[in-house]
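Have a look at the structure below before the remarks.
The values are calculated or read from the model by the stated rules, or taken from the named source; none is laboratory data. A quick note: this is a predicted structure, and the numbers were derived from the prediction, not measured. A quick note on method: Cβ atoms are made from the backbone with ideal geometry, for glycine too, and the neighbour counts reach across all protein chains shown. In case anyone asks, the SASA skips ligands and DNA or RNA and just uses the protein heavy atoms, side chains included. Shrake-Rupley method; radii C 1.70, N 1.55, O 1.52, S 1.80 Å.
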Amino acid sequence: MNTNHAAPERHWPAGFIWGSATAAAQIEGAAHEGGKEDSIWDAFARLPGAVAGGDTPERAVDHYHRMPDDVALMKRLGLDSYRFSTSWARVVPGGRSVNQEGLDFYSRLVDELLGAGILPWLTLYHWDLPQALQERGGWTNRDTAYRFADYAEAVHGALGDRVSHWTTFNEPLCSSLIGYIGGEHAPGLTDPDAGLAAVHHQHLAHGLAVQRLRGLADASGRDIRLGITLNLTNAVPNDPSDPADLEAARRIDALWNRMFLEPLLLGVYPADLLDDVRDYGLAARIQEGDLEQIAQPIDFLGVNHYHDDNVSGHPLPAGTRPSLKPTPKPGRSPFAGSEYVTMPSRGLPRTAMDWEVHPEGLRTLLVRLGREYPNLPPLYVTENGAAYDGDTVTDDGAVHDPERTKYIVDHVDAIGRAIDDGADVRGYFVWSLLDNFEWAWGYEKRFGIVHVDYATLVRTPKDSALAYAELIARAKTQVAEAKTRVAAATI
Ligand code: GBH
């Protein structure tokens, strides 16, 4: 470990999982091979101006063909677990019939992982809906939720004998609000009604899939852990004594955090949220019994955290409620629901995404969840990481990325402090294992702890990967030493 970035020594709970994460559309490539057809991201990326540099997921980092080497790399880094997603458009390309060749790829991946002693942590939806289903309305169509449960069953049929940890959705906020209202993600709509329909139908899809998978696992006597991953962002009032800032923080928190947490964990939509969005079609989409279907017991909650949002509110014109439409750049707040909200600088350092670096925010968030949701299942930080410019392979074959290294070490330390403060956090996954297709940013932004040369596709572990490997090794030694001490003390 580069001692400049060494976090204080601490004892991690036994069994704490150290991992790294990716997503199918961001790494696999082979977008039209092996029976795979277009996902919404393949189609969206072909629209002029949709993705920076005109980049597409067509080849990505060719993980589809390099999978065994990539798993070997994970093993060298000492990862306990690898969080990946299956591509719905590979498994059920046209949205209805199953493509065995697609399932076979994931089956080989799972075998490779298990052979390397790495726990497969599977996500069913990381934003790549089959384009065929988009053509039938995508997530605005309630039927998509039922198709999702069928897709989950197909994946379980192929992998359920070997995969124990299943996540339904990754960050439903992004694939609803950013895809259907913000327009910056596929399918690229700017329609608040559609966005809220997508939210509700993804919640429903989650609940249906959890019930389907639980039933299948029970019937075959298998131990299965089911959960969902949310991206949660603290909305920090810029001036806590200013009522307008407090109101902005409330509104953003409702739309970005509680609209997801509360239906899933408590079986209700927050009342203040329902009022905020009453001009739009959320309530109209909720059918009798939906919330019971949605609020299925889950075994873990995945938390993706990158940054806080420091928000400041500005008075709305008399008699209006905030529109969910994204306001045009420049000077706009970049996300749905943020009209009349700005994000003043707190003077914190920022990543290449212009996101604040504030590890303490992660500690606050994890502790808050435990305090506010009494039935909260165990937490896993399923994504955290940073893009920085300037990653280059030096003559000695290294990639020096001190800022990313510090980002990771400091966030891991913040998790340790959250655990000290009572948060039940059981694992950490760095985003991302590899540089990859960063959605609307294409290949311009690099989040990998492993560098990918996009000309040759050669992988080079960055200093951050080596530091992370050391951090994992040290954490494990501490756990082993603690066990030895306990054993010695009881003799
Ligand atoms: C994750 O989402 C994704 O799961 C992953 O696929 C992706 O590659 C990774 O993060 C890195 O982006 O710029 O002010 O509009 C990120 C979640 C939610 C973080 C929206 C940024 C908006 C900030 N993102 N949030 S802003």
Cα centroid separation - the range 174-253 against the range 31-73, whole Å:
24 Å
Surface per residue (accessible, 1.4 Å probe) for the range 235-348, Å²:
44 Å²
Farthest toward the dipole's positive end in the range 364-464, which of Tyr443, Leu365, Pro378, given Cβ charges of +1 (Lys, Arg) and -1 (Asp, Glu) about the Cα centre?
Pro378
Determine the sum of side-chain charges near Gly54: Lys and Arg each +1, Asp and Glu each -1, restricted to other residues whose C-beta is under 13 angstrom from that of Gly54.
-2
For the range 1-82, with all protein chains present and a 1.4 Å probe, just round the carbon and sulfur fraction of the accessible area to a whole percent.
51 percent
Net charge of Cβ neighbours under 14 Å - reference Ala152; Lys, Arg +1; Asp, Glu -1:
+1
Cβ-Cβ cut-off under 11 Å around Ile178, Lys and Arg +1, Asp and Glu -1: the net charge is -2
Could you order the peptides 180-186, 455-461 from most to least packed, using the average number of other C-beta atoms within 10 Å per residue?
180-186, 455-461
Taking a 1.4 Å probe, which of Ser164, Ser464 shows the most accessible area, and what order do the others take after it?
Ser164, Ser464
Rounded to one decimal in nm, the spacing of the 7 Å Cα→Cβ label points at Arg350 and Glu288 is 5.1 nm
Result for the range 386-491: accessible area per residue, probe 1.4 angstrom, in square angstrom, of 41 Å²
If you place +1 on the Cβ of every Lys and Arg and -1 on the Cβ of every Asp and Glu, how big does the dipole about the Cα centre of the chain come out, in debye to the nearest 20?
740 debye
Can you pull the percent of the range 321-426's accessible area that's carbon plus sulfur, 1.4 Å probe, other chains left in place?
51 percent
Tell me which trypsin sites (Lys or Arg not before Pro) from the range 82-116 have a DSSP coil assignment and no more than 12 other beta carbons within 10 Å of their own.
Arg96
Cα lying deepest toward the dipole's positive end in the range 1-113, options Ser85, Tyr64, Ala45, charges on Cβ
Ser85
Using the heavy atoms of the protein chains alone and a 1.4 angstrom probe, what is the accessible area of the range 1-146 per residue in square angstrom?
36 Å²
